[in-house]
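Notes follow once the structure below has been shown.
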Amino acid sequence: MKIRNAFVFALMLAVTPASMDAQWIKFPTAGIPRTADGKPDLNAPTPRMPDGKPDLSGIWRQPNGVKYTVNLAADLAPDAVPYQPWAEALYQQRQDNISKDDPVGHCNFPGIPQMEAVPYPYKIANAPGMIVVLYEAFHIYRQIFTDGRELPKDPNPTWMGYSVGRWDGDTLVVDTAGFNDKTWLDTGGRPHSEALHVTERFTRRDLGHMNLQITIDDPKAYTKPWTVSYPITLMPDTELLEYVCNENNRDLQHLVGK
């Protein structure tokens, strides 16, 4: 059985250019446009559902290794994250200690938005009244309800939060709240409180390319909302792989800090 280790494998991806996450090899995805040589035409037009909205289904991943996993704000100016004083001090402490207490290294869920940035694929699928996301990492599922319901008023705090979605033109807007405060926004250690509200905007540009914009709104940890954006890419002709973290987890002996 092939086992991926959350923290160590992420570091391997940072220095290994080869594709280490090919899954079901040479199993063609049905119904997608292809070039003359039979390869998926990732620049083909955006597929659409019967109601005319973009069809976001498929297997996707963040294509830049662990760039945004380690530093969600990698593309922002160094002073662009508006910390509350306690949050900045805690982030610096985690940085100084080389992220020794990273929850993912202990096989805990990354939460949102880090779950979207880890270098593992995830499958988006349509279902009545919801969009389902199946994450290869940790075998987590996520339900984004599109049936008009509101976020729960007094939710039981969870690792992944509660998500509702709506369409803004051709962009799926997802609001997620109801988190516990045990996750980090990235493996660099950016903290958040239980007041965290994450807004994601998924815009599929064509068959193989989608933009993801993420807004962090947590008044207890940051003085104002802040936004990051990065591309995600389609992974056709493949499938998700079984992921095991707790079995043979060798991270902890390496998470020693300074």
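The values are calculated or read from the model by the stated rules, or taken from the named source; none is laboratory data. A quick note: this is a predicted structure, and the numbers were derived from the prediction, not measured. Backbone-built Cβ (ideal geometry, glycine too); neighbour counts: all protein chains shown.
Below is a table of values for the structure above.
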item	result
Top-ranked residue of the stretch 145-177 - restricted to ones that are over 19 Å from the mean Cα position of the chain (by Cα) and of a type in the set (Lys, Arg), ranked as surrounded by the most Cβ atoms within 10 Å (Cβ to Cβ)	ARG149
Of all residues in the stretch 199-255 being among the charged types (D, E, K, R), within 30 Å of THR46 (Cβ to Cβ) and at pLDDT below 95, the one that is surrounded by the most Cβ atoms within 10 Å (Cβ to Cβ)	ASP237
In the stretch 164-201, the residues that are assigned to a strand (DSSP E or B), farther than 23 Å from ALA87 by Cα and in contact (Cβ under 8 Å) with a residue 24 or more places away in the chain	GLY165, TRP167, ASP168, THR171, LEU172, VAL173, VAL174, ARG201
Options ALA30, ALA22; residue that is modelled with pLDDT under 95, within 26 Å of MET130 (Cα to Cα), out of contact with any Lys or Arg (no Cβ under 9 Å at 6 or more places or on another chain) and of a type outside the set (D, E, K, R)	ALA30
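Results for (1) among the aliphatic types (A, V, I, L, M); (2) surrounded by fewer than 15 Cβ atoms within 10 Å (Cβ to Cβ); (3) at pLDDT below 95; (4) part of a loop (DSSP other than H, G, I, E, B), shown as yes or no for each residue.
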{"site": "GLU88", "(1), (2), (3), (4)": "no, no, no, no"}
{"site": "GLN92", "(1), (2), (3), (4)": "no, yes, no, no"}
{"site": "LYS100", "(1), (2), (3), (4)": "no, no, yes, yes"}
{"site": "VAL104", "(1), (2), (3), (4)": "yes, no, yes, no"}
{"site": "PHE109", "(1), (2), (3), (4)": "no, no, yes, yes"}
{"site": "ILE112", "(1), (2), (3), (4)": "yes, no, no, yes"}
{"site": "ILE124", "(1), (2), (3), (4)": "yes, no, no, no"}
